[in-house]
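First the structure, in the form of structure tokens, and then the observations on it.
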Amino acid sequence: MELDVLYLADLRFPGGTATSLRYDLRACRLAGLRAGIVPLSSPLFPRSLVPNSALLAEIQATGTVIVPQNERPRARVALLYHPSLLDRTVHVHAGFDADVFYVVVHQPTRDRRGRSYYRTGTWAGLAADWFAQDLRLLPVSDVVRRDLARQDLSHALHPCNWTNLIDPADFPQKRTGEVKGPVTIGRHSRPSRDKFPSPQVTLACYPRGPDFNHLMMGVPQDFLDEFETLPSNWQIYPFSSWPVSEFLRSLDIYSYFHSDTWIEAFGYNVLEALATGLPCVVPHYMNETFSDACFYADPEEAPQLYDRLRSDRALREEASSRARDHVVSRFALDQFARKFENVAEAPRVSSPASPVKRETSEKPVVLSVTSNGIGLGHLTRQIAIAEALGPAVNVVFFSLSEAIEVARSMGYLAEFRPFHRRLQLDVEEWNGFFFQEMREALSHYRPALVLFDGNMPYSGFTDALDSYGKSYCAWIRRGLWRTPQPESIAREGAFDVIIEPGELCEALDLGYSSVNPDNVARVNPVLMTQPHQLLDKTAARRALELPENATLCLVQLGAEANFDMSLPRELLFDFLDRHPEVIAVDVRSPLHATGHADIHERFLLRRLFPLGRYLKAFDFAVCAAGYNTFHENIAAALPTLFIPNSNPETDDQDARALHGARAGWNLASTADDPYEIETQLRKLLDPEVRQTLSLACGRKTGCWDGASQIARQLRIQARLPDSFQVPER
Amino acid sequence: MRRHLQTIGLRYALRGLRVLRRADKPDAVLLTSQRKRGSVALIWALDETAEHLSAELSKKLAHLSGFETVVVVCPPRLFTALRSEGHFFETLPAPDDIRRSGVSSSWELYLRRRIARIRKNWGPDFEAVVGPEPEVYYESILNAHEDRDLS
């Protein structure tokens, strides 16, 4: 793989580092250069912190290559894109070759009081040992350059900076108008305490009073807690709660002051404000980065500047033009080619120290581990994700589900291990067994990605992952937990990414699975069958050998292994007796049925998995409200009476059925209420009711691609091949 | 080492083995202490091709009805039928599935170790085979050290 620029970068930075990478990728593409990324994990963040979504979107939009795990790329320039990645915990497994390698330094090495952020003394050794490169440093600004020089790193400094860029098109210039009433002054930053001065200084630079409104996006709670009462002219917004350009366009003046310990390496937030054409009031030392584009002041002097700017429209207009022009001339995307050529070097002659190029045509293995479960939920979601990952990887199922045949019959290599519950084994003892089996499988399959679907990662499983230590690990975990599960949450640390498949009834989720919301990525509902893949009614009935003209009722009341559905079944039989025009079809998974014989001439049995494609065969359905059935039936606009399995061990099916009923997508009844079940069944006989339900379901569109979203995310984060089609340049 | 069950003498043999093996299966991690005290039969039925239990496997299961624990190593499509009869089951990837998967690894080592672990984890008093022995079933893989596709 040949690249112009290889970014060895962490995709999880929340602020300026990620934004600058975004625009580097865009600029690189505009310059006709090919960029690639090796995602790394900085020790600055928790292991499963969700990646920066804007950066992921930019990677897709620019067709930036994610270097697969087993590829050793060659690049003209390789950039380790933050000094925190020069750490003993960070390793590029397959390595890379580059004509020149730099560490882009996005942060001074010490704060203003001299406290070190990094052990710079180890940098040269780590660059040599971990990356087989000499230490060469590219500061993002002169502020960082001077700091590095003070740390005795002048010898490693390149004469040029790796200046952050921005696309001015993303920040339309705000037209300067009259200020009527109080002037709106704003600031934005990630919500870190360092990004704010002391309360006293903050009140000096963002003062109370009727002349000013202060809008602040990204304010840490511990800072706010330092005030007994917040000034009434402050409006606080959570970090990233507005698109930055919109937030900036709501302001008249931008003002950014921070803690006296902090040194802003560059000030990407200020660059965004300047691009918007806002007059910017910032500390004096930032003059080094933004020269005459800003107004420089001490915090207590800032209000005088606000007054001047408020009363002098011409000054604001002049400042706005100056700010915008400065950005366009010095920081726009067209600067990239020059920036690149400044640091690129002549191709390096093959070095004897370079490791042998690792080439393999073998597809990486994704080991899909599913827990037992009562039904097929975990396995179904994993199959949907496996299908979405496509043929670029080899998915192997390693499951505790006795229905593993469904994966095997779809062409996957499938392994099974017995679960403790059926063996009536002590869980601890079984975990010892499972550790052995899992550890052996990990060594054998050497998976690039281990994908786990289940609510509780068994200790035998997580211990095996830890012991093997070479696989990227993802936990797919549906929400809607009935109760807090602290033991389960405590195992989040075993995973690099945690993804929660979407729930249509998200609003009723009590949030027990979201104790650490920053660690959990959310996607749309995961379906095995997309609505456009459904067979039409006639084809589906023929395929299932069902009568073409009867009124057909799909029955899926679950495995009934942990919940008694005998009353709904009984009532359904009564209903069938009274309505001879209706034929019920009980569709069971291979896990739960052995024979093919119909139970009665009007109560047919079909053994089938997956059912999704055939849902149009039915006029209505009576089903439990498990994740897959609920979402598939609604996606297929199949009028359904949901009777939730209320076993406390399951997800909150009651909430699902209730939410759907309130939204008009389905009917609902509890399993213990014969009168309600009877009433709802009668309703389903009415074609108008069915049509109303169908139409309501049909309005839920464009939200069924959770499996594809997961696949896209995993391709990037786990470095799986064929990430994206690279758009034509 | 493996004793193939014959249709005669089962109860006699079983009685003898029960005495010999009683509570003496420290490595049989998949057995509860109660099951460790009983007799265990392990049936290798790797080449079962039908959707349902074959006549031969059904017959073997009937013969082994005196065992407290019966474990069948078979294709996973038979799990449901075996579960409904109260048996336990394990599976191994079929040679065709292995070939089709394109997963290239040390299958020989993996399968040998897996077969050995199944024996160790269940601690069977008897082993029976319906169809080929596991080593024969995987012969092409287990003897194919130089086979680039599978080794």
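A few notes on this one:
- Axis of helix A:313-330 versus longest Cα principal axis of chain A: the two differ by about 80°, to the nearest ten degrees.
- Antiparallel content of DSSP bridges confined to the protein assembly as shown, in %, to 5: 5
- Dipole magnitude for segment A:535-698: computed about the Cα centre from +1 point charges on Lys and Arg Cβ and -1 point charges on Asp and Glu Cβ, it is near 660 debye.
- Extreme residue, positive dipole direction of chain A, given options A:Y7, A:N455, A:L40 (C-beta unit charges): A:Y7
- Most positive-pole-ward Cα, A:S53, B:N143, A:Q304, against dipole of the protein assembly as shown from beta carbon charges: B:N143
- Between the amide H of A:L554 and those of A:V585, A:D619, A:F620, A:A621, A:V622, distances stay under 5 Å, these residues lying 5 or more places away or on another chain, with hydrogens modeled in the peptide plane.
- Calculated [222 nm] ellipticity per residue, helices only, for chain A: -9500 deg cm²/dmol; basis is -39500 (n - 2.57) per DSSP H run with n ≥ 4, divided by all residues, nearest 500.
- Each other residue within a Cβ distance under 11 Å of B:S58 adds +1 if Lys or Arg and -1 if Asp or Glu, for a net charge of -1.
- Neighbour net charge for A:D536 - beta-carbon separation under 13 angstrom, K R +1, D E -1: +4
- Cut-off 13 Å between beta-carbons: net charge of the residues surrounding A:G698, Lys and Arg +1, Asp and Glu -1: +4
- Taking Cβ separations below 4.7 Å as the criterion for a possible disulfide partner, the isolated cysteines in chain A are A:C28, A:C160, A:C205, A:C473, A:C505, A:C553, A:C623, A:C697, A:C703.
- A Förster radius of 41 Å combined with the Cβ-Cβ distance from A:E317 to A:L508 puts the calculated FRET efficiency at roughly 0.20.
- Dipole magnitude of the protein assembly as shown about its Cα centre (Cβ charges: Lys, Arg +1; Asp, Glu -1), debye to nearest 20: 1360
- The chymotrypsin sites (Phe, Trp or Tyr not before Pro) of segment A:626-729 meeting both criteria, a DSSP state outside H, G, I, E and B (loop) and at most 16 other C-beta atoms within 10 angstrom of the site's C-beta, are A:F724.
- For chain A, the longest principal axis of the alpha carbon atoms and the long axis of helix A:377-389 meet at an angle near 50°.
- Inter-chain shielding of A:391-402 (mean C-beta neighbours from other protein chains, 10 Å cut-off): 2
- Contact order relative to length of chain A, as percent, for alpha carbon pairs under 8 angstrom and 6 or more apart: 12
- Counting only other chain Cβ atoms within 10 Å of each residue's Cβ, the peptide B:75-83 averages 6.
- In this assembly, the B-A interface accounts for approximately 3100 Å² of buried accessible surface in total, computed with a 1.4 Å probe and without ligands, DNA or RNA.
- Crossing angle, helix A:459-468 versus chain A [Cα axis fit, 0-90 degrees, rounded to tens]: 50
- In segment B:23-45, burial by the other protein chains removes 30 Å² or more of accessible area from B:V29, B:L30, B:T32, compared with the chain on its own (1.4 Å probe, ligands and nucleic acids ignored).
- A Cβ-based charge dipole, computed about the Cα centre of segment A:365-522 with Lys and Arg at +1 and Asp and Glu at -1, lands at about 260 debye.
- Peptide B:100-108 - average C-beta neighbours from other chains (10 Å radius): 5
- Å² per residue, accessible surface of segment A:168-331 at 1.4 Å: 41
- Percent accessible area from carbon and sulfur atoms, segment A:535-698, protein chains only, probe 1.4 Å: 50
The values are calculated or read from the model by the stated rules, or taken from the named source; none is laboratory data. Bear in mind that the values here come from a model prediction, so they are computed numbers and not experimental data. Because the Cβ atoms are built from the backbone with ideal geometry, glycine has one as well, and the counts that use them run over all protein chains shown. Quick note on the areas: whole protein, heavy atoms, side chains included, nothing else; ligands and nucleic acids left out. Shrake-Rupley method; radii C 1.70, N 1.55, O 1.52, S 1.80 Å.
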